[in-house]
Each structure stands twice: as structure tokens, then as C-alpha cells.
Amino acid sequence: MEKLKERIQQIKKKRPAYGEILGFYQKVKEAQAKLRASLKIDPIRVRKEWKELLTKEGFSLIRKEDFPRDIELSVKLFQTLCQIGRHTSPHLAAQAGKIEEAIENKKIDLKKLFKKGIEGKTIEQVADELGLDKKVFLFLVQASIKPSVEAAREQLHGELDSETLLKGYCPVCGSLPSLSLLKGEEGKRYLFCSFCGYQWRIDRISCPFCNNQEQGSLQYFYGEGEEAYRIDLCDRCRQYIKTIDYRNLAESDPVLEDLATLHLDILASQKGYKRPVPSPWTP
Ligand SMILES: [Zn+2]
Ligand SMILES: [Zn+2]
């Protein structure tokens, strides 16, 4: 946490425009860390034969909806996050207010939402029906189950060898990556799961979304004076992934680095490329 705070201060100095969003992120991380100590989830057991079959067939170990969750803790965290949101930007404050009202009027049952979702509806559908900002609502829900998801991912960590998996989707939960990371002296490339945060190895030159490996249709650009952040563009599927180059940056939270470089997402989108897993904070 101390390291995270330090890094946030550094970024704020360099890019004051990100002050509000980074302040919010810090409070979210603090709230998650505070509750993490009391987290209780059921242990996950993956049967050996099953695991072999899954990896052979290219399936992920577990589905997103099958992650064990600490419901009580998620509910508490969700309420705390709404409170934090109330004191952030006017937009977040308004959204938090609407959500709290919907909970009071029993239009959102938090326990149900975290257990199985509301009557088979997706989070986006629930947000739509209640006239909420989908991205904000989805962020709050995901941030509230994050401690459970991370604990489960840590349990599953030993089940896989992250160095030999060369897929474009998460071998643990099947989700798409939100970022790519370059690490170690030779810049080994890893993908970072948008849902569970697992990191696995992938080829240096390839599009994780369409598996394109033709150099002629893969390009990239850097932010001005920012050699640690790169946007990798694929002309075949017209999508992009943000790459954080840890050879030019001290170890830090990838999600924070992503947040601090939203200007690169705007540039990529102006060039006509899409981000398959959008950041909740890009306009
Ligand atoms: Zn995952
Ligand atoms: Zn592609």
C-alpha cells in the first residue's frame, strides 16, 4: 500500500489532471485491503484429470461466474465504495446516489447480485434498466468482488505454468487481457487478465485478440516522452492493447499504470482502434 501511495504521488506531480481519479483509486484499494484480512472463501479444488483435459483442449480452469465469493464482504465493500464515490467527482457522486436509492427501494438486492446476479441479467442490463452509467456500475461490482477473485486466483496459481501458456485469453478464468507487460532484461511479454489479474506468457510479436503475427500489420506508438508505455495496434482486427514496459519502470500496479495513461487510449481511439476490454474511465 505504501508503495502504491508513493507511486500515485509521483504520477500526480507529473500529471495533475489525473489527481481525482488516482485519489479515488487509492481509496478503493485501501478499502479492499482493509477487508481482505477478514475474507472467507471456499477452497477450490481442481481435479488432476480434469485439469489435464482443460489445458489440452485450451479451456480455462474455472468460469468467471464460478469463482467463490465472500458475499457479506462484497456487500460491505460495495457500500463503502458508494460512500467513497459520493465524495469523488460530481458524476460518481450522482451515480452513487442513484445506486443507493435503488438499493433502498429494493430494486437492487446486493446479496443476490453478488451470489448469482439478478434473474439472469447481466450487470449491464441491470444498469440499463435503472438508468445507471454501465461502466461505473460494472466497476463498483467488480471492485467489490475483487478481494474474493484475487484470493481464488492465488489458490489456483500453482495449478498452471504461466511461462508456457501462449494464449490470448486467461488460462485461469477465460477472460480477455486488459494489458500486456514486458518484464525482465530480455523483455519477456506477459498478458494481464482483465478479470482475475493472472499474468501469463505470450509471444513478443502477435495480436492477442486475433492471433495476427504478420509484422506488416502490427504497429505501435509511444506516448510523448513515455518510453514505459506503448500502444500495440493490430491492423487486421483494428484493436489495440496497451503495453507497460517494466524495463523502463520500477515494479508497480499495472492497473494504476493503466489509469495514469488514459491519454494513450484516447489517441488510439482517435486513430480508429478499439480496446476489447474498455477501461471504465475512458470517455
Ligand atoms: Zn483471469
Ligand atoms: Zn488483431
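Coordinate-derived values only; no laboratory data. Remember, it's a predicted structure, so these values are computed and weren't measured experimentally. Because the Cβ atoms are built from the backbone with ideal geometry, glycine has one as well, and the counts that use them run over all protein chains shown.
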Net dipole in debye of the chain [+1 Lys, Arg Cβ; -1 Asp, Glu Cβ; about Cα centre; nearest 20]:
400
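How do the peptides 49-60, 81-92 rank, highest first, by the average count of neighbouring beta carbon atoms within 10 Å per residue?
On the way: 49-60: 12.8, 81-92: 16.3.
Top to bottom by mean Cβ count within 10 Å: 81-92, 49-60.
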Residue (of 81, 255, 181) at the positive-pole extreme of the chain, dipole from beta-carbon charges
81
Any chance you could run the full-extension gain for residue 269 through residue 210? It's 0.36 nm times the residue separation minus the Cα-Cα distance, nm to one decimal.
19.4 nm
Based on the alpha carbons, how large is the Rg to Rh ratio for segment 195-239 when Rh follows Kirkwood?
1.01
Could you tell me which residue out of 212, 243, 198 lies farthest along the dipole of segment 194-243 toward its positive end? Charges go on the beta carbon: Lys and Arg +1, Asp and Glu -1, centred on the Cα centre.
198
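Using the beta-carbon distance between residue 45 and residue 142 and R0 = 35 Å, what value does 1/(1 + (r/R0)^6) give for FRET efficiency, to the nearest 0.05? Could the numbers behind the result be given before it?
Values: r = 25 Å, r/R0 = 0.71.
Approximately 0.90, to the nearest 0.05.
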Residue 243's amide H: which non-local residues (gap 5+, or another chain) put their own amide H closer than 5 Å, with H modeled 1.01 Å from N in plane and none for Pro or chain starts?
180, 230, 231, 232
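Rounded to the nearest 20 Debye, what is the dipole magnitude of segment 91-130 about its Cα centre when Lys and Arg each give +1 and Asp and Glu each give -1 at the C-beta? Each step should come with its number before you reach the end.
Details: 8 positive and 8 negative charges, 53 e Å.
Its charge dipole is roughly 260 debye.
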Taking the Cα centre of segment 129-192 as origin and charging only Cβ (+1 Lys, Arg; -1 Asp, Glu), how large is the dipole, in debye to the nearest 20?
220
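What ranking, highest mean first, results for peptides 204-210, 187-193 when packing means the other Cβ atoms within 10 Å averaged over each residue? Could the numbers behind the result be given before it?
Working: 204-210: 17.3, 187-193: 20.4.
Those peptides, ordered most packed to least, come out 187-193, 204-210.
So what is Rg over Rh here for the chain, counting just Cα atoms and using Kirkwood for Rh?
Details: Rg = 19.2 Å, Rh = 20.1 Å.
Here Rg/Rh amounts to 0.96.
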Using 0.36 nm times the number of residues separating residue 1 and residue 34, minus their current alpha carbon distance, what extension gain do you get?
10.8 nm
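Take peptides 25-37, 216-228 and line them up by average Cβ neighbours within 10 Å, highest first, as a rough protection proxy. Mind dumping the intermediate values first?
Details: 25-37: 16.6, 216-228: 12.6.
Peptide ranking by packing, descending: 25-37, 216-228.
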Taking the simple approach of a point 7 Å from Cα along Cα-to-Cβ for both residue 250 and residue 236, what is their distance in nm?
4.0
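Using 0.36 nm per residue, how much length does the chain from residue 135 to residue 83 gain when fully extended, once their Cα-Cα distance is taken away? Numbers along the way, then the final one.
Details: separation 52, 0.36 × 52 = 18.72 nm, distance 1.74 nm.
Extending this stretch completely gives an extra 17.0 nm.
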